[in-house]
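Have a look at the structure below before the remarks.
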Amino acid sequence: MPRDWKASATQHLQESIRVKEATIDACLPELMRICEATTRCFANGNKVLICGNGGSAADAQHLAAEFISTLSTKFPRKALPAIALTTDSSTMTARANDYGFEEIFSRQVEAFGHPGDILISFSTSGNSKNCLRAMEEAKSFGLINIAFAGGNGGKMAEIADYAIVVPSDQTMHIQESHLALYHIYCYIVERQLNPEQAEAELQAQ
């Protein structure tokens, strides 16, 4: 009997919805604190560095693009300084070749990080070794550590100043929730930085 793929798709979406509903209580209070910390970071002239592997590398680049460009053309504002540490293949392969893959992000934190900056690390397990090394380096340089993880948060949640831990052990559903959360994150931060524009937007609704 052929498999019912529509039923499989429905089950996937229903589980994704369930995880997102659980995320409301599990993650939104911490996300609000992260928004406040990031707003202060940008307001003080600091920047955000972002890292991750695989799909989480794509999330790092996606979030950096939202901060630099804008979440929506309906809310134009100044660019916000964010760097995805996942994009420079020459730097990453040089460091990995000479010192190992665990060092590809920490070296960039050393190069670009300054006290008051933020390092955001994405890892669904919370245990990616190169992210952990980057977080340790960030801590030593006086950066604020933010982790986006899943499951029990792993070792990253122990190191982080702020940790978003999606209540799921399924990589795909963790990443789906990460995407929704960092869209909200960018939405709030850019409006906190532009309160008059945000108020005008609210009045126009």
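In table form, for the structure just shown:
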read-out: Subset of region 6-30 that is crowded, with 19+ Cβ neighbours inside 10 Å and among the hydrophobic types (A, V, I, L, M, F, W, C) - its residue that is nearest to residue 162 (Cα to Cα); value: 27
read-out: When residues of region 34-48 are limited to those that are more than 14 Å from the chain's Cα centre (by Cα), assigned to a helix (DSSP H, G or I) and not aromatic (Phe, Trp, Tyr), the one surrounded by the fewest Cβ atoms within 10 Å (Cβ to Cβ); value: 43
read-out: Residue that is closer than 23 Å to residue 20 by Cα, surrounded by 21 or more Cβ atoms within 10 Å (Cβ to Cβ) and in contact (Cβ under 8 Å) with a residue 24 or more places away in the chain, where the choices are 125, 168; value: 168
read-out: Failed criterion for residue 112 (all others in (1) under 15 Å from residue 53 (Cα atoms); (2) surrounded by fewer than 21 Cβ atoms within 10 Å (Cβ to Cβ) hold); value: (1)
read-out: From the options 190, 176, residue that is over 20 Å from residue 41 (Cα atoms) and among the acidic types (Asp, Glu); value: 176
read-out: Any hit, region 76-85, residues being without any contact (Cβ under 8 Å) to a residue 24 or more places away in the chain and either over 22 Å from residue 36 (Cβ atoms) or buried (at least 23 other Cβ atoms within 10 Å of the Cβ) (or both); value: yes
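Taken together, the values in this text are just the output of simple stated rules run on the coordinates, not laboratory data. Treat the numbers as computed from the prediction; the structure is a model and nothing was measured. Cβ: placed from backbone, ideal geometry, glycine included. Neighbour counts: every protein chain shown.
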